[in-house]
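These notes are about the structure you will find just below.
The values are calculated or read from the model by the stated rules, or taken from the named source; none is laboratory data. Given the structure is predicted, the values throughout are model-derived calculations rather than measurements. Please note: Cβ atoms are built from the backbone with ideal geometry, for glycine as well, and neighbour counts cover all protein chains shown. When the accessible area is computed, the model is the full protein with side chains, heavy atoms only, and any ligands, DNA or RNA have been set aside. Shrake-Rupley method; radii C 1.70, N 1.55, O 1.52, S 1.80 Å.
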Amino acid sequence: MSLERLPLVRKTGDEALHADGRTVGGSLLEFWRWSASDLMSNATRGVLAEYIVHRAIDGADDAIRQEWDAFDLITHDGIRLEVKSAAFIQSWHQRRESAIRFRIPKTKAWSADNNKHEPLSKRQADVYVFALLHERDAPDPLNVQHWTFYVMAARVLDARSRSQHSITLASLEREAQAVATFETLLGAIGAVARTI
């Protein structure tokens, strides 16, 4: 039995739930619908934000998200990206809008190839993209016009005198090196990367 890293294979959604080849009802697409239809939930919205950034940077159509990679995405130019997501409105009943705060702790990179952590904590990405679902009245996470992207180099986060573990929207509005739309995000990432 091999315990090496399993190869990832991009799925179509047509794959069936089965018992040793005999279908038992249900498909991978049905699982995706069941598990990920609440696009406003924090976890699903975060993955969707990564996908939106992936599309904005012209990511490969056949790419597969790597759940435990040290960083979220990489551009064609080799810029490592970390994507963080937040929204004012959540899928649950709220008494007030959510305060916007993004977690940015340093981490110990983990490798799926050898199942080991790096010894030192640091920021694994070159550039951070803070994706804010800014629409308040009727937010639609699939509408890229409802998102604002704040872009900062990791070195700028490292140099902050305030918290190294989180950053608020007010701080981002003061400190971000670029604020972008979906259409301008790739250029903003490139401009910020040139400051590294």
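As for the stretch 146-156, it holds at least one residue that is of a type in the set (D, E, K, R), within 19 Å of Arg80 (Cβ to Cβ) and at pLDDT 95 or above.
How many of the residues making up the stretch 44-66 are over 18 Å from Tyr128 (Cα atoms) and either surrounded by fewer than 16 Cβ atoms within 10 Å (Cβ to Cβ) or at pLDDT below 95 (or both)? Qualifying residue count, the stretch 44-66: 5.
Scan the stretch 1-42 residue by residue and report those that are aliphatic (A, V, I, L, M) and either farther than 25 Å from Ala112 by Cα or at pLDDT below 95 (or both). Before the answer, list the steps.
Residues of the stretch 1-42 aliphatic (A, V, I, L, M): 1, 3, 6, 8-9, 16-17, 19, 24, 28-29, 36, 39-40.
Hits for the stretch 1-42 are Met1, Leu3, Leu6, Leu8, Val9, Ala16, Leu17, Ala19, Val24, Leu29, Leu39, Met40.
Does Val24 meet the test of being closer than 23 Å to Ile100 by Cβ, in contact with a strand residue (DSSP E or B) (Cβ under 8 Å, 6 or more places away or on another chain) and either surrounded by fewer than 10 Cβ atoms within 10 Å (Cβ to Cβ) or of a type in the set (Val, Ile, Thr) (or both)? The answer is no for Val24. Pairs are defined by a Cβ separation below 9 Å, a sequence spacing of at least 6 or placement on different chains, a first member in the stretch 170-196 that is in contact (Cβ under 8 Å) with a residue 24 or more places away in the chain and closer than 18 Å to Ala154 by Cβ, and a second member that is open to solvent by 60 Å² or more (accessible area, probe 1.4 Å) and part of a helix (DSSP H, G or I); the pairs so defined are Val179/Glu173; Ala180/Leu186; Thr195/Arg155; Ile196/Arg155.
So that you can scan it fast, the table gives a plain yes or no per residue for (1) more than 24 Å from Lys106 (Cβ to Cβ); (2) outside any loop (DSSP other than H, G, I, E, B); (3) out of contact with any Asp or Glu (no Cβ under 6 Å at 6 or more places or on another chain):
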| residue | (1), (2), (3) |
| --- | --- |
| Gln124 | no, no, yes |
| Leu132 | no, yes, yes |
| Asp140 | yes, no, yes |
| Val151 | no, yes, yes |
| Ala170 | no, yes, yes |
| Arg174 | no, yes, yes |
| Phe182 | yes, no, yes |
| Ala188 | no, yes, yes |
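Could you look through the stretch 67-77, keep only residues that are surrounded by 13 or more Cβ atoms within 10 Å (Cβ to Cβ) and in contact (Cβ under 8 Å) with a residue 12 or more places away in the chain, and pick out the one that is farthest from Lys116 (Cα to Cα)? Walk me through it before giving the result.
Filtering the stretch 67-77 down to residues surrounded by 13 or more Cβ atoms within 10 Å (Cβ to Cβ) leaves 69-75.
Among the residues that remain, those that are also in contact (Cβ under 8 Å) with a residue 12 or more places away in the chain are: 69-73, 75.
Numbers: Asp69: 12, Ala70: 12, Phe71: 15, Asp72: 18, Leu73: 20, Thr75: 25 Å.
Across the stretch 67-77, the extreme among qualifying residues is Thr75.
Residues in the stretch 157-168 that are touching a residue at least 24 places away in the same chain (Cβ under 8 Å) and either within 24 Å of Gly190 (Cβ to Cβ) or aromatic (Phe, Trp, Tyr) (or both): Leu157, Asp158, Ile167. Do we have any residue at all in the stretch 48-64 that's in a helix (DSSP H, G or I), under 26 Å from Phe182 (Cα atoms) and of a type in the set (Gly, Ala, Ser)? Within the stretch 48-64 (the criterion being in a helix (DSSP H, G or I), under 26 Å from Phe182 (Cα atoms) and of a type in the set (Gly, Ala, Ser)), the answer is yes, since at least one residue qualifies. Just one of the numbered conditions (1) of a type in the set (Gly, Ala, Ser); (2) in contact with a Ser or Thr (Cβ under 9 Å, 6 or more places away or on another chain); (3) surrounded by 14 or more Cβ atoms within 10 Å (Cβ to Cβ) is not true of Ser35: (3). Being among the polar types (S, T, N, Q), more than 19 Å from Glu67 (Cβ to Cβ), in a loop (DSSP other than H, G, I, E, B) and open to solvent by less than 30 Å² (accessible area, probe 1.4 Å) is the requirement here; does Gln90 meet it? Spelling it out, Gln90 is indeed among the polar types (S, T, N, Q), more than 19 Å from Glu67 (Cβ to Cβ), in a loop (DSSP other than H, G, I, E, B) and open to solvent by less than 30 Å² (accessible area, probe 1.4 Å). Scanning the stretch 101-151 for residues that are closer than 16 Å to Ile189 by Cβ and open to solvent by 60 Å² or more (accessible area, probe 1.4 Å) yields nothing.
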